Structures are given as C-alpha cells and as structure tokens.
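As structure tokens, the structure follows; a few thoughts come after it.
The values are calculated or read from the model by the stated rules, or taken from the named source; none is laboratory data. If you're wondering where the values come from, they're calculated on a predicted model, not measured in any experiment. All Cβ positions, glycine included, derive from the backbone under ideal geometry; neighbour counts span all protein chains shown.
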Amino acid sequence: MVAAPARHPGGVRGHQALSRLIATLPGTAALLGSAASGGKTMLKKTLLVLEGELNLLIDGQPEKTLKAGDSYQIPAGVVHDAKAHGDKAMKVLGVYVVDKTKPLASPAP
C-alpha cells in the first residue's frame, strides 16, 4: 500500500513538503523512486523506517539494510528503490521538500 502524498505548506516560497506512508508485504518492492519503474526523484528524500526492515537500493551503491528506527537521506536525481527484508512486512515514512514548478519524478536515462 502506498498512500497518496500528503501536502504541507512550505516555509520557502515556491516549495512544499510532501509525506508519504509506504507499507508492503514481505519481500515486496516499495517502488520508492523507483529503480523498478525506471524513474528517479528530483529532490532529496528522507526515509524513516517505522516497522520491519528494508533493503535500500541506490544506483551505484552497495545495497543497504535499514531497520525500524533507522533513517536515510537519498540525494536528488538518484534512481533508488526499497524491498522488504526477510519475512516481515515494512512500513516507511518518506518526506521530501519539492519545488512546486517541477515534476516529482522523471524517467531514468
């Protein structure tokens, strides 16, 4: 389950904060940004693992395993994804600040 992004008025003109709750079944990809969908987010994203563990896949980096309570920042313009690790479901909160004039994602090259 991926909830629609919640929009929060930003303190910087032309920007706003978005938050999204992502919950998956064991072994399921979250399509965060999305290596599987061939896209990338345009701005920095902060992830907070609320439940379970996940394997974080970031283009050009070794896979990282994060557990409940861990957080991680993903740089802008980087193809990435996450998959529930092991036999547990995962729940992740994603928070990003976006420029209202630019798309949230673009196709990966």
The range 68-91: number of residues that are surrounded by 13 or more Cβ atoms within 10 Å (Cβ to Cβ), without any contact (Cβ under 8 Å) to a residue 40 or more places away in the chain and over 11 Å from the mean Cα position of the chain (by Cα):
4
Residue, modelled with the lowest pLDDT, within the range 1-26, restricted to residues that are surrounded by 12 or more Cβ atoms within 10 Å (Cβ to Cβ) and β-branched (Val, Ile, Thr):
VAL2
